[in-house]
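Right, one structure below, let's go through it.
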Amino acid sequence: KEGEDYGAACSDIVGFTPTREYTGFDSRFNKRYSNRWQLQISYVTGKATGSDDNTWGEYGENRTSSLGASTKFSNPNYQINAVGRLGHDPAHMLKIIGSYTIPVIDANFGFYYSFMDGERYNKNIMIPNDIDPDPVAAWSEAVYIYAEEKGSYKYPARHNLDLRLEKFFVFGKYRVGAMVDLFNALNSDTVTEVETRVDPWS
């Protein structure tokens, strides 16, 4: 019937309640531009936990409703190790932005540095449908079960430093600027993906 609460009528239809919980602390420092320089610093530490992941992933490989439809409830085995650290869960984030006007050459030098803890992941066991069929997602080739607690591992932390040098020239009533940007000055590499699937077919 319209407006009927199916969750209350069928209380055992979902084995667990999808949850997301975040606790964090944010601190900031801002030195306004004066005496030729300025500086902004921000630091955030936090923890994101729950059973409804906040990442976007391949269908069936993670427990998330971020795409709308979810596989979380189509197989009871999806509830194994379903509660833990969410995928997007950087425990520490630091950003430092600053600039300085160099008096001798009358040019602006700026920088932007960021540090972020890596995102979370865990192993998935890939079980063929003929062993553990998924009655709802019948078109799927396999069921993915968390082999360990959600978010057991994390990618390496990411460092990035961008630099800019900017100089203006005045020609009569015209003002022309020239700038040089250097991105990823530390030449840091970033791990963007790891193989999390234990595949019995490979």
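The values are calculated or read from the model by the stated rules, or taken from the named source; none is laboratory data. Source: prediction; values computed, not measured. Heads up, the Cβs are rebuilt from the backbone with ideal geometry, glycines too, and the neighbour counts pull from every protein chain shown. Only protein heavy atoms, including side chains, enter the accessible area calculation; ligands, DNA and RNA are left aside. Shrake-Rupley method; radii C 1.70, N 1.55, O 1.52, S 1.80 Å.
Output the residues belonging to the range 37-79 that are on the phi > 0 side of the Ramachandran plot and at pLDDT below 75. Matches in the range 37-79: 60, 68. Only one of the numbered conditions (1) more than 26 Å from the chain's Cα centre (by Cα); (2) at pLDDT 95 or above; (3) surrounded by fewer than 13 Cβ atoms within 10 Å (Cβ to Cβ) is violated by residue 8, and that is (2).
Residue pairs whose Cβ atoms lie under 6 Å apart, sitting 6 or more positions apart in sequence or on different chains, and linking a residue in the range 83-99 that is touching a residue at least 60 places away in the same chain (Cβ under 8 Å) to a partner that is of a type in the set (Lys, Arg), are 84/150; 85/120; 87/120; 89/120. Within the range 22-38, the set of residues being out of contact with any Phe, Trp or Tyr (no Cβ under 9 Å at 6 or more places or on another chain) and exposed (fewer than 10 other Cβ atoms within 10 Å of the Cβ) comprises 23, 32, 34, 35. When the criteria are applied in full, residue 19 meets the requirement of being farther than 24 Å from residue 195 by Cβ, modelled with pLDDT under 95 and open to solvent by less than 70 Å² (accessible area, probe 1.4 Å). Each residue in the range 71-117 was checked for being more than 15 Å from the chain's Cα centre (by Cα), more than 30 Å from residue 143 (Cα to Cα) and among the aromatic types (Phe, Trp, Tyr), and 5 of them qualify.
Yes/no per residue for (1) small (Gly, Ala, Ser); (2) modelled with pLDDT of 95 or more; (3) open to solvent by less than 70 Å² (accessible area, probe 1.4 Å); (4) assigned to a loop (DSSP other than H, G, I, E, B):
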| site | (1), (2), (3), (4) |
| --- | --- |
| 164 | no, yes, no, no |
| 167 | no, no, yes, no |
| 170 | no, no, no, no |
| 177 | yes, no, yes, no |
| 181 | no, yes, yes, no |
| 189 | no, no, no, yes |
| 195 | no, no, no, yes |
| 200 | no, no, no, yes |
